[in-house]
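The values are calculated or read from the model by the stated rules, or taken from the named source; none is laboratory data. Everything quoted here is computed from the prediction, not taken from an experiment. Heads up, the Cβs are rebuilt from the backbone with ideal geometry, glycines too, and the neighbour counts pull from every protein chain shown. Each accessible area value is taken on the protein alone, full model and side chains, heavy atoms only, with ligands, DNA and RNA left out. Shrake-Rupley method; radii C 1.70, N 1.55, O 1.52, S 1.80 Å.
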Amino acid sequence: MQDLNKQAKIVVFLLAAAALLALPLVAAEFGQGWVRIMAIALLYVLLALGLNIVVGYAGLLDLGYVAFYAVGAYLFALLASPHLADNFEWIKASFPNGLHLPIWAVIPLAAGLAAIAGMVLGAPTLKLRGDYLAIVTLGFGEIIRVFMNNLEYPINITNGPRGISQIDAMKLGPIDFGKPLQIGEFTLPSVVLYYYLFLALVVVTVVICQHLADSRIGRAWMAIREDEIAAKAMGLNTRNLKLLAFGMGATFGGVSGAMFASFQGFVSPESFSLMESVMIVAMVVLGGIGHIPGVILGAVLLAALPEVLRYVAGPLQEMTDGRLDAAILRQLLIALAMISIMLLRPRGLWPSPEHGKAAPAPVK
């Protein structure tokens, strides 16, 4: 029986992998815009999986997660654009065309810097819980955004509200993700290449998160989530474990930010608003806190929903003779959908099967 279950799982995984690989090729026939939506959805999956480590595993409500997203994006923008060379003579003397680091150097740097930022955030919040922790993390996210918006004078580091442009596309060996890839007579557009890159990162992240959940560290995080006082009484070092959760979660945020900067070719503080943090938290909560498949489902739905609602908001706007703005109407519909889901499925669309499990019957 177990062998049959394993074989069934292998078949399902292979079919899912084939579908995910073929999906952008099919969607590209209807326009590259659809592939772009799917690529952005994968970026949000990466962000939601990172936040799930903090919120889902360790039970630490983090409303400033977008700060680590911004750190990774601006790091890549500075290292892969002519901005630093244009504003610092000593950098221009050594690198006349600017710093253009390869992907194997950018990802560890973005992950490392975001992890440090996560621990810096976590250090002063170790004794905070619940609403107080949420307020502090929210403030941290806003501080980072304000810094990015104002680090233009007296030294121009972030170019202020104008943002940083001319950011390089990712390069992996001979593959330039900013250009179409020719394979015989078949051409893969740039957006499809980015889709496959993001898909590979999501697969790696899922494997890491699953191993974390099954490890001693993951079990310790869950013990802190359920009852921090009891976990501390059992000898767990809650301080270090919390810092580790903040650092590990921030790591995926930094990598996502670097991918976002490369994909867009432009970053500005407007991309890292409080609403982005709220949406990422909503993805984790609506999908199912602590459950990887649920988090992925929540991220995909909430990332794709605004684009799908474009086709609903337009006709509704016409029915009201243009009295309702389409953008506001889309936000209203998203909010109504989120309220409906939480009323009908308070534990999320795909909750963890272990959560809320009944106590075992006493042995007679």
Take Gly31 and decide whether it is free of Cβ contacts under 8 Å to residues at least 60 places away in the same chain, open to solvent by less than 80 Å² (accessible area, probe 1.4 Å) and out of contact with any Lys or Arg (no Cβ under 7 Å at 6 or more places or on another chain).
yes
Filtered residues of the range 283-301 (kept if more than 12 Å from the chain's Cα centre (by Cα) and hydrophobic (A, V, I, L, M, F, W, C))
Val285, Leu286, Ile289, Ile292, Leu297, Leu301
For the range 205-244, give me each residue that is farther than 18 Å from Ala48 by Cα, in contact (Cβ under 8 Å) with a residue 24 or more places away in the chain and of a type in the set (A, V, I, L, M, F, W, C).
Ile217, Ile224, Leu241, Leu243
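To keep it simple, each residue is scored yes or no on (1) closer than 12 Å to Asp62 by Cβ; (2) modelled with pLDDT of 85 or more; (3) open to solvent by less than 20 Å² (accessible area, probe 1.4 Å).
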site	(1), (2), (3)
Pro102	no, no, no
Ala110	no, yes, yes
Val136	yes, yes, no
Phe140	yes, yes, no
Ile144	no, yes, no
Of the conditions (1) within 23 Å of Phe30 (Cβ to Cβ); (2) outside any strand (DSSP E or B); (3) of a type in the set (S, T, N, Q), Thr187 clears all except one; give me its number.
(2)
Can you tell me which residue in the range 170-187 is farthest from Phe76 (Cα to Cα), limited to those that are touching a helix residue (DSSP H, G or I) at 6+ places or on another chain (Cβ under 7 Å) and open to solvent by 60 Å² or more (accessible area, probe 1.4 Å)?
Pro180
Across the range 155-164, what is the number of residues that are open to solvent by less than 50 Å² (accessible area, probe 1.4 Å) and not β-branched (Val, Ile, Thr)?
4
Residues of the range 310-329 being touching a residue at least 12 places away in the same chain (Cβ under 8 Å) and in a loop (DSSP other than H, G, I, E, B), which ones?
none
Could you list all residues from the range 117-130 that are of a type outside the set (Lys, Arg), open to solvent by 60 Å² or more (accessible area, probe 1.4 Å) and farther than 18 Å from Leu51 by Cβ?
Pro124
Only one of Ala16, Ala48 is surrounded by fewer than 23 Cβ atoms within 10 Å (Cβ to Cβ) and not aromatic (Phe, Trp, Tyr), namely Ala16
Of (1) closer than 18 Å to Val267 by Cβ; (2) part of a loop (DSSP other than H, G, I, E, B); (3) touching a Gly at 6+ places or on another chain (Cβ under 9 Å); (4) open to solvent by 40 Å² or more (accessible area, probe 1.4 Å), Glu152 fails just (4)
Which listed residue is surrounded by 15 or more Cβ atoms within 10 Å (Cβ to Cβ) and either acidic (Asp, Glu) or more than 22 Å from Trp221 (Cα to Cα) (or both), from Ala327, Ala337:
Ala337
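Does Thr158 satisfy the condition of being hydroxyl-bearing (Ser, Thr, Tyr), at pLDDT 90 or above and outside any helix (DSSP H, G or I)?
yes
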Within the range 176-187, the residues that are under 22 Å from Leu201 (Cβ atoms) and modelled with pLDDT under 85 are Ile183
Qualifying residue in the range 63-85 (condition: open to solvent by 40 Å² or more (accessible area, probe 1.4 Å), among the small types (Gly, Ala, Ser), at pLDDT 90 or above and within 22 Å of Val295 (Cβ to Cβ)):
no
